[in-house]
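Some notes on the structure that comes next.
The numbers here are math on the coordinates, done by the rules we state, and not lab data. Keep in mind it's a predicted model, so treat the numbers as computed, not measured. FYI the Cβ positions are ideal-geometry reconstructions off the backbone, even for glycines, and counts take in every protein chain you see.
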Amino acid sequence: MKKLIISVLVVMLLMMFVGCKKAEANDFTITVPMETGITGFWFPDDDTIAGGVSLTVMRLQHAQIEKFSLDLDGTLAKEINENKDTLAGIGVKVNYLVGQTNEAGLVFEPSIGVTLLNNVKAFEDVITGFRVAIYGNIVLYKF
């Protein structure tokens, strides 16, 4: 499982540096939307609430289910109601796109979903220690 996750992360990083904006295969579309948004998280395992910003770097969609996507993002957040820990991590989100636009620049684009998020403090943390969170995101700027 670790090898699969590392392989997926390496492919995603390579796609970012190659400059590929869109790739399609068998009704699947991979895009590099580069969206920055404000995100709120609720971690049901310990009832923690956090808020912060996220940068979406890759999105996987299927042609038959246009409103849903699988996103890879980087997140920086701060706990609100607990120990006030700072969370910096890599998240994988199952995303329901409430509103969607293809315009670049300042936008208002809400989405909701479930994410696996970890707090990256060392390289080993990239593939371990994921926590489940429910999130709400409002995209504010698209590159």
Want the number for L106 to D85: 0.36 nm per residue separation, take away the alpha-carbon distance, what's left?
4.6 nm
Once you have a ≥ b ≥ c as the square roots of the Cα gyration tensor eigenvalues for the range 31-125, tell me rounded if a/c is under 1.5, and otherwise prolate or oblate according to whether a/b is larger than b/c.
prolate
Förster radius 25 Å - calculated FRET efficiency between E66 and I134, Cβ distance, rounded to 0.05
0.70
Backbone HN-Hα couplings from phi across the range 35-45 [Karplus 6.51/-1.76/1.60, Hz, Gly and Pro as x]
10, 10, x, 8, 10, x, 10, 10, 9, x, 5
Distance between modelled label sites at T29 and D45, nm, 7 Å Cα→Cβ extension
3.4 nm
